[in-house]
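*Asks:* Pasting in a structure now, in structure tokens, and then I'll have a few things to ask.
The values are calculated or read from the model by the stated rules, or taken from the named source; none is laboratory data. What you see is a predicted model; the values in this text were computed from it and never measured. Cβ coordinates were reconstructed from backbone atoms using ideal geometry, including for glycine residues, and neighbour counts include every protein chain displayed.
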Amino acid sequence: MASKIGLISNALILIGDLPLTSLTGNSRAQVVANNLYDNIVQSELTKYRWGFARKKAQLNKDATAIIGTEYSDKYTLPSDLLTLIKLNPNQPYQIIENKVYINHSGDLYCDYIANVSESVFPVHFSKMIEYALARDFAMSIRDNATTKQIMAEEYINASRMARYTDSQQHPITPIQSRPFLDVRH
């Protein structure tokens, strides 16, 4: 089970710095970590459709008036949404601010990538986050371009492995229709 301070401390160790015991304070590492951490993690969550960060929700219809005639209804997106994957039923839509504009007046559901807490990060994602943090911390804390380059290479490897491991968590869906094979028989 990962924690924010644990991920940051491991990233600092990777670049040759001392781990933190607290995020409150004015040391260089604490200031950098507090300012960069959330953006780095949210950016990494949106780069791939991670199974552990995927959620489903029913959207609430917004009763306020719609400006224009392109769409007839609007729904409020979940507050923890980072990236919308799909809507059900599947219809053309547009996202404006935290609303989905659509020509559909019934129940509307969505699949999305959520801004999840560190406690649900699997090991492979945590390791990738540590390298992503180390890559971005290297210049700000250690002032070392070589360390940044090494951490960037390690991040690429960790990212590949994390995506591969995550992809193995989903069942393979067999092809249902085989028209090209069926015509041979």
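*Asks:* Report those helices (runs of 4 or more DSSP H) wholly inside the range 76-185 carrying at least 2 residues which are modelled with pLDDT of 95 or more, surrounded by 14 or more Cβ atoms within 10 Å (Cβ to Cβ) and hydrophobic (A, V, I, L, M, F, W, C).
*Replies:* Answer list for the range 76-185: 123-137, 145-167.
*Asks:* Could you grab me the full set of residues in the range 15-45 that are surrounded by 17 or more Cβ atoms within 10 Å (Cβ to Cβ), aliphatic (A, V, I, L, M) and more than 10 Å from F137 (Cα to Cα)?
*Replies:* Within the range 15-45, L20, I40, V41, L45 qualify.
*Asks:* Determine the pairs where a residue that is without any contact (Cβ under 8 Å) to a residue 24 or more places away in the chain, located within the range 123-137, has a partner that is in a helix (DSSP H, G or I) with Cβ atoms under 7 Å apart, the partner being 6 or more residues away or on another chain.
*Replies:* Taking only residues 6 or more apart or on different chains, the pairs are R135/K148; R135/M151; R135/A152; R135/Y155.
Per-residue answers, yes or no, for (1) assigned by TED's automatic domain parsing to the domain that holds N34; (2) closer than 26 Å to R28 by Cα; (3) out of contact with any Phe, Trp or Tyr (no Cβ under 8 Å at 6 or more places or on another chain):
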position: L82; (1), (2), (3): no, no, no
position: N98; (1), (2), (3): no, no, yes
position: S126; (1), (2), (3): yes, yes, yes
position: R135; (1), (2), (3): yes, yes, no
position: T146; (1), (2), (3): yes, yes, yes
position: A162; (1), (2), (3): yes, no, no
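*Asks:* Going by the structure shown, is N98 more than 30 Å from T165 (Cα to Cα) and without any contact (Cβ under 8 Å) to a residue 24 or more places away in the chain?
*Replies:* Taking the combined requirement at face value, the residue satisfies it.
*Asks:* Now, a different point. Just one of (1) touching a residue at least 40 places away in the same chain (Cβ under 8 Å); (2) assigned to a loop (DSSP other than H, G, I, E, B) trips up G25, so point out which.
*Replies:* (1)
*Asks:* State whether one or more residues within the range 43-56 are over 17 Å from the mean Cα position of the chain (by Cα) and of a type in the set (A, V, I, L, M).
*Replies:* no
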